[in-house]
Each structure stands twice: as structure tokens, then as C-alpha cells.
Amino acid sequence: MDLVALNAVAEQLVRPGRGLLAADETPGTIKKRFDAIGVESTEASRRDYRELLFRSAGAMSDYISGVILHDETVWQAAADARPLVELITAAGVLFGVKVDKGVKPLPLFPGETVTEGLDGLEERLRGYRERGARFAKWRAVIDISAGVPTAAAVKANAHALARYAALCQACETVPIVEPEVLMEGGHDIARCDEVTRFTLHTVFQELFEQRVALEGMVLKPNMITSGKQFGREDAVEDVAERTLATLKATVPSAVPGVAFLSGGQSDTAATAHLDALNRLGGAPWRMTFSYGRALQVAPQKAWSGKQENAAAAQRAFAHRARMNSLASLGRWDG
Ligand code: 13P
């Protein structure tokens with residue numbers, strides 16, 4: 001493992017004013033997003049939509065450091081036959097691949113899941129690296145409800161994340177380690193805080209045991225918020241203060257960067273929270289975005305499946321990318 005090279009990629013992903021575009025929705029998830037704008041999800045419509053994002057020249061080269069792709073996109077060509085990954089790298093942006101195989105029920109733990117995908121992972125990582133990928137992503141999902149999560153479920157997910165991260169580093173690929181505590185539910189912000197703290201502690205313990213080099217990874221956590229069905233909005237300052245305190249208590253300073261998921265926050269809330277976090281100061285790692293929905297809801301709406309709306313969709317994407325870039329510097333002013 002070349003730790004200097006891995007660290008350089010991790011640093012590049014979180015360099016000042018940049019963040020990641022998570023465009024790695026599975027066919028099932030992108031279908032949900034397209035249903036919301038009345039577009040049929042086909043291989044061609046997914047290609048057309050993602051092509052317009054990657055061709056947003058200013059947005060990509062000025063605000064985005066990396067794009068997370070689904071396997072399908074890695075091998076897809078644009079309408080003019082150029083590989084989509086070439087459009088991304090031509091903008092000076094790295095690409096990486098979501099390599100987990102999704103969540104499966106955790107046996108004997110009703111309501112809990114574990115992320116699968118370790119079998120054959122090394123071969124897949126080598127194939128992606130040959131194609132030009134420099135990083136990968138694996139998402140563990142932790143639910144909150146009565147009596148959930150159990151320590152066993154958190155541990156199983158953390159162990160798989162660490163096995164994935166170690167395999168990535170052995171294949172000269174930077175792992176994005178994503179333990180997502182879901183926003184789904186009626187829990188309050190203190191409960192999210194408690195579960196996120198326990199989850200991050202467990203994840204870093206497993207990463208240590210599996211000998212993962214923290215300098216060569218990026219953490220992709222949730223922010224600390226109340227559940228979507230809690231019924232009251234969190235104060236922006238409360239989210240920022242709790243999130244930073246919990247990360248400081250659990251994430252070693254050797255990690256170069258923290259790139260948050262948006263997890264169902266509105267796009268402006270995700271920007272406001274990231275900005276407030278960066279205004280607090282004193283964090284030992286860079287804090288930026290790795291947003292899916294918070295970057296894409298606006299361009300998807302503007303596009304609505306029509307070629308003549310492509311320019312408007314690119315403007316909407318560029319706007320959100322710029323707002324999040326400013327937020328990653330603590331310079332967004334609403
Ligand atoms: P959201 O920002 O929509 O949560 O997506 C980020 C992601 O990559 C989830 O795995």
C-alpha cells in the first residue's frame with residue numbers, strides 16, 4: 001500500500017472549496033427520484049441525466065472534487081460515444097465507485113440490516129482502478145427505533161466497513177467510509193447524537209483492528225439532527241454544535257476529511273448546517289459535502305426529462321454546488 005499516494009487522493013477530495021457529488025443511486029433509488037419528476041428510468045434516461053451533470057463545466061471544475069458513480073455509469077458512454085468517466089476526469093475531477101451490494105436483513109435481529117458486498121470485492125476494485133477510479137464508497141445503514149440499533153448490528157456493520165476499507169487500501173483505492181444513521185423516525189436530536197457517537201466509536205475501533213490507515217480515507221457521516229417525523233425543526237446552531245462535538249469525540253485527527261451525506265435534509269438545510277459547522281472552527285479535519293439529494297433535487301426538477309431543459313438543469317446544479325462550496329469554507333450567507 002502506497003500511503004503517500006492514498007493520502008494525496010484523500011486530501012484532493014477534501015481540498016478547500018470542493019466537495020463530492022454522490023451520483024451513485026442504484027437503479028431502484030434513481031427510479032424513485034425520476035418518478036418524482038415524471039421521467040421513466042431507463043438506461044438511456046439515466047445516461048442523459050448524468051451526462052448533463054458531468055458536462056456542467058463550471059460547476060464540476062470549480063466546486064466538485066470527486067463524483068461517486070454506480071457501476072452502470074462507470075462503463076456507460078455519452079451520446080457522442082465518449083465514456084462518461086472521461087467527461088468527469090476532463091473537468092479535473094476524480095471518480096469513485098459505490099462498491100457495496102446494499103443492505104440485507106440481519107438474521108435474528110428484526111428490523112436491522114447489514115450491508116453486503118465483500119465477496120469478490122478485490123477483483124471489482126482492481127477492475128475499477130484500471131478504469132481510472134481512485135476511490136470507492138461503502139454505505140452502512142443504522143436505523144433508529146425502539147431498542148434499535150443493537151450493539152450487535154452496529155458492530156456487524158462496522159466490521160464490514162473496516163474489511164472493505166482495508167481491501168480498498170490494499171488495492172490503492174481511497175475508501176470513503178459511510179456509516180449512515182438514518183433520519184427516518186420520530187426520535188429527538190439527543191437520540192441521534194447518542195447513536196451516532198456509539199456508531200462512530202465502533203467504526204473507528206474496527207478500522208484500527210483491521211489496520212486501516214486513517215490518513216488514506218475519508219469519512220462520510222450523517223449530521224446530528226432529529227428524526228424526520230419528530231415534528232419540530234432543529235436550530236441550525238444546535239445541529240452544528242452537536243455534530244462537531246460528536247465528531248471531535250470519535251474521529252481521530254489523522255483522518256484528512258469529513259464529507260457529510262445529506263440524508264434527506266432539504267437542500268438549503270444541508271447547506272446551512274455545513275456552513276455553520278465550518279464557522280465554528282477548531283476542527284482537525286476538513287469538513288465538506290458529499291451530497292446526493294441536496295445537490296440533485298433542484299437540477300432534476302429543472303430537467304424533468306426534457307433535452308431543452310438541460311441548460312436550466314446545469315444552472316441549478318451549478319448554483320447548489322457553489323452554495324455548498326461556500327458553506328465548506330464557512331462563507332455562505334444565505
Ligand atoms: P444523500 O446526500 O442523498 O444522502 O446521498 C448521499 C449518499 O451517497 C448516500 O449513500
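The values are calculated or read from the model by the stated rules, or taken from the named source; none is laboratory data. Nothing here was measured: the structure is a model prediction, and the numbers come from that model. Note: ideal-geometry Cβ built from the backbone for every residue, glycine included; neighbour counts use all protein chains shown. Areas reflect the complete protein model, heavy atoms only, side chains present, ligands, DNA and RNA absent. Shrake-Rupley method; radii C 1.70, N 1.55, O 1.52, S 1.80 Å.
Determine whether T150 is away from the ligand (no atom under 15 Å from the Cβ) and more than 22 Å from G216 (Cα to Cα). Judged against the criteria, T150 is a match.
Criterion applied to V255, V236 was being β-branched (V, I, T), crowded, with 22+ Cβ neighbours inside 10 Å and in contact (Cβ under 8 Å) with a residue 24 or more places away in the chain, and the one residue passing it is V255. Of note, E116 does not satisfy the criterion of being away from the ligand (no atom under 16 Å from the Cβ), modelled with pLDDT of 95 or more, of a type in the set (D, E) and farther than 18 Å from N309 by Cβ. Number of residues in region 63-106 that are in a helix (DSSP H, G or I), open to solvent by 30 Å² or more (accessible area, probe 1.4 Å) and out of contact with any Gly (no Cβ under 8 Å at 6 or more places or on another chain) equals 4. Listed by first and then second residue, the pairs with beta-carbon distance under 9 Å, at least 6 apart or on different chains, first residue in region 313-334 and farther than 29 Å from D48 by Cβ and open to solvent by 40 Å² or more (accessible area, probe 1.4 Å), second part of a helix (DSSP H, G or I) and modelled with pLDDT under 95, form an empty list. Of all residues in region 231-290 being out of contact with any strand residue (DSSP E or B) (no Cβ under 8 Å at 6 or more places or on another chain) and among the basic types (K, R), which is nearest to R191 (Cα to Cα)? Looking at residues that are out of contact with any strand residue (DSSP E or B) (no Cβ under 8 Å at 6 or more places or on another chain) and among the basic types (K, R), I get R242. Just one of the numbered conditions (1) aliphatic (A, V, I, L, M); (2) assigned to a loop (DSSP other than H, G, I, E, B); (3) touching a strand residue (DSSP E or B) at 6+ places or on another chain (Cβ under 7 Å) is not true of I224: (3). Of all the criteria given as (1) more than 14 Å from the ligand (Cβ to nearest atom); (2) buried (at least 21 other Cβ atoms within 10 Å of the Cβ); (3) not β-branched (V, I, T), the one not satisfied by H273 is (1). Look at K228 and say whether it is among the charged types (D, E, K, R), surrounded by fewer than 24 Cβ atoms within 10 Å (Cβ to Cβ) and within 16 Å of the ligand (Cβ to nearest atom). Yes; evaluated as a whole, the condition is true for this residue. Counting only helices (runs of 4 or more DSSP H) that sit wholly inside region 1-58, those with at least 3 residues that are among the charged types (D, E, K, R) are 27-36, 43-54. Within region 13-25, residues that are over 22 Å from T42 (Cβ atoms) and of a type in the set (V, I, T) have Cβ atoms under 9 Å from residues that are open to solvent by 10 Å² or more (accessible area, probe 1.4 Å) and not in a loop (DSSP other than H, G, I, E, B) in these pairs: V14/R286, counting only partners at least 6 apart in sequence or on another chain.
Across region 299-312, which residue is nearest to K32 (Cα to Cα) among those that are within 16 Å of the ligand (Cβ to nearest atom) and surrounded by 19 or more Cβ atoms within 10 Å (Cβ to Cβ)? By that ranking, first place goes to Q300. Each residue in region 110-128 was checked for being under 19 Å from I144 (Cβ atoms), open to solvent by less than 70 Å² (accessible area, probe 1.4 Å) and in a loop (DSSP other than H, G, I, E, B), and 2 pass. Of all residues in region 34-62, those satisfying the criterion of being surrounded by 17 or more Cβ atoms within 10 Å (Cβ to Cβ), small (G, A, S) and under 20 Å from R18 (Cα atoms) are S56, A59. Residue under question is V141, and the condition is that it be within 12 Å of the ligand (Cβ to nearest atom) and either among the aliphatic types (A, V, I, L, M) or more than 14 Å from the chain's Cα centre (by Cα) (or both); does it hold? Taking the combined requirement at face value, the residue satisfies it.
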